[in-house]
Amino acid sequence: MKDKLMPMEKLLPFDDALAALLGRVDWSMKNKTVSVAEALGRALREVVVSPLDIPPFDKSAMDGYAVIAADTTGASKDAPVRLSVLEDLPAGKAPTKKLGSGQASRIMTGAPLPPGADAVVMVEDTKKGEGAVEIFRPAVAGDNMGFRGEDVRKGATVFSSGIRIGAAEMGMLAALGRTRVKVSRRPKVAVISTGDEVEAPGRKLKPGRIYDANQYALGGMAQRLGCAVEFMGIARDRVTAIEEKLDRAKKADAVLLTGGVSVGDYDLLADILPAIGVEKIWHGVRVQPGKPTYAGIRGKTLFFGLPGNPVSCLVCFELFARPALEKMMGLTGTGLRRGRAILAEEARTKPGRRKFLRAQVVNEGPEVRVKIYRDQKSGVLTSMVLADCLVDVPGETASLPAGEAVNVLWLKG
């Protein structure tokens with residue numbers, strides 16, 4: 001018998017549904033060691049401790065002259081201080097001479113400071129002479145310098161296990177001299193669209209059909225998280241067609257299905273999934289959009305039945321599939337980044353389910369201000385293209401006045 005959705009009063013609240021789902025994800029992907037060049041987007045699975053000071057020496061932060069600050073006291077345009085120049089120090093060259101009183105070394109940005117120097121005078125405040133330099137401005141000890149270990153100290157913990165490796169993290173690993181790093185295996189995610197109404201892009205549309213947007217959007221979202229995605233194509237509204245796709249996806253760590261999760265005559269997933277051994281975690285959540293969303297598990301494979309309407313499908317991926325996949329990857333922080341914003345315009349909603357409304361940032365004033373997209377219908381994919389965030393609206397709310405502070409989940413940035 002078809003697994004009917006629960007009546008509204010028995011639907012799981014959002015927080016309960018998310019907790020129940022994450023509570024079943026009690027494992028993470030196996031670790032593997034990859035080159036730093038291959039680490040982008042992956043979950044770090046080791047504690048990274050610095051083997052050296054960064055920078056490893058005091059250095060110049062400007063092109064100019066390394067000096068002893070006390071030697072430049074009283075220097076001005078009218079009364080310059082003249083110092084003899086010992087050597088040129090381009091970046092990458094170690095100094096060979098120690099400065100004494102009345103001496104300077106010409107130095108480039110990033111070059112190590114010579115022994116005895118305690119400041120750098122910018123080249124704009126000097127005049128080069130034959131074997132000497134005139135200083136037009138007094139220096140203070142520490143001027144225009146970078147100090148050994150000011151970025152990272154030797155022995156300091158740079159990264160904890162469980163962070164996502166971004167471009168800056170890759171750069172820092174390289175700065176530490178690392179060529180390889182321990183990360184979690186990328187989850188294998190299979191994406192399946194279902195329905196007689198969807199057609200593969202590039203094919204001629206038959207009357208009554210639309211192009212399959214959900215498969216590509218879901219796959220892109222999973223790829224952006226760092227998953228290895230297999231696009232499985234479209235399964236028509238027949239039990240054998242859906243079972244065939246699911247059998248091909250049996251090696252996946254997570255299966256994302258779109259369409260077929262409601263209670264219509266052609267919504268077949270609620271019957272098919274238990275028949276192949278998938279245990280239901282829940283089916284139906286008190287949210288809008290996305291009421292008929294399904295979550296299940298078989299062994300260590302997660303199954304998500306996401307609504308067929310594009311907005312519902314993508315929003316529910318962000319609300320449920322994203323944090324579950326991130327937990328599988330071993331990330332310590334999961335889900336969309338939360339924050340606060342000010343409503344730029346009044347918005348009215350119908351009390352009932354907790355709502356996640358698409359909104360755009362408007363650049364007005366020093367505060368972050370957002371405007372809720374007027375057309376919140378679940379089929380309006382443009383609203384997701386334009387949205388910067390989801391405004392999290394409690395179920396009992398009927399009106400949101402302009403100027404009110406609201407909770408948001410950031411989709412971008």
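The values are calculated or read from the model by the stated rules, or taken from the named source; none is laboratory data. Every value quoted in this text rests on a predicted model; they were computed, and no experiment measured them. As a convention, Cβ positions derive from the backbone with ideal geometry for all residues, glycine included, and neighbour counts pool all protein chains shown.
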Of all residues in segment 285-322, which are more than 16 Å from residue 214 (Cα to Cα) and small (Gly, Ala, Ser)?
295, 296, 299
When you go through 178, 203 one by one, which is the residue that is in the same structural domain as residue 40 (by TED's automatic domain parsing), more than 22 Å from residue 320 (Cβ to Cβ) and surrounded by fewer than 19 Cβ atoms within 10 Å (Cβ to Cβ)?
178
Just give me the residues in segment 88-121 being of a type in the set (A, V, I, L, M, F, W, C) and crowded, with 16+ Cβ neighbours inside 10 Å, in sequence order.
89, 99, 104, 107, 108, 111, 113, 117, 119, 120, 121
So which pairs qualify, if the first residue must be in segment 348-366 and under 24 Å from residue 284 (Cα atoms), the second must be part of a strand (DSSP E or B) and of a type in the set (Gly, Ala, Ser), the Cβ gap must be under 9 Å, and the two must be at least 6 apart or on different chains?
349/399; 357/347
Confirm whether residue 10 is within 35 Å of the chain's Cα centre (by Cα) and within 30 Å of residue 166 (Cβ to Cβ).
no
Cross-chain or 6+ apart pairs with Cβ under 7 Å, segment 289-304 first and assigned by TED's automatic domain parsing to the domain that holds residue 246 and on the phi > 0 side of the Ramachandran plot, then crowded, with 24+ Cβ neighbours inside 10 Å and assigned to a loop (DSSP other than H, G, I, E, B):
290/307
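Each row is one residue, and each column tells you yes or no for (1) among the basic types (Lys, Arg); (2) within 30 Å of residue 391 (Cβ to Cβ).
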{"position": "267", "(1), (2)": "no, yes"}
{"position": "271", "(1), (2)": "no, no"}
{"position": "274", "(1), (2)": "no, no"}
{"position": "278", "(1), (2)": "no, no"}
{"position": "284", "(1), (2)": "no, yes"}
{"position": "288", "(1), (2)": "no, yes"}
{"position": "294", "(1), (2)": "no, yes"}
{"position": "300", "(1), (2)": "yes, no"}
Using the structure shown, decide if residue 240 is surrounded by 17 or more Cβ atoms within 10 Å (Cβ to Cβ) and among the β-branched types (Val, Ile, Thr).
no
For residue 308, which of the numbered conditions (1) in a loop (DSSP other than H, G, I, E, B); (2) assigned by TED's automatic domain parsing to the domain that holds residue 252; (3) closer than 18 Å to residue 15 by Cα fails to hold?
(3)
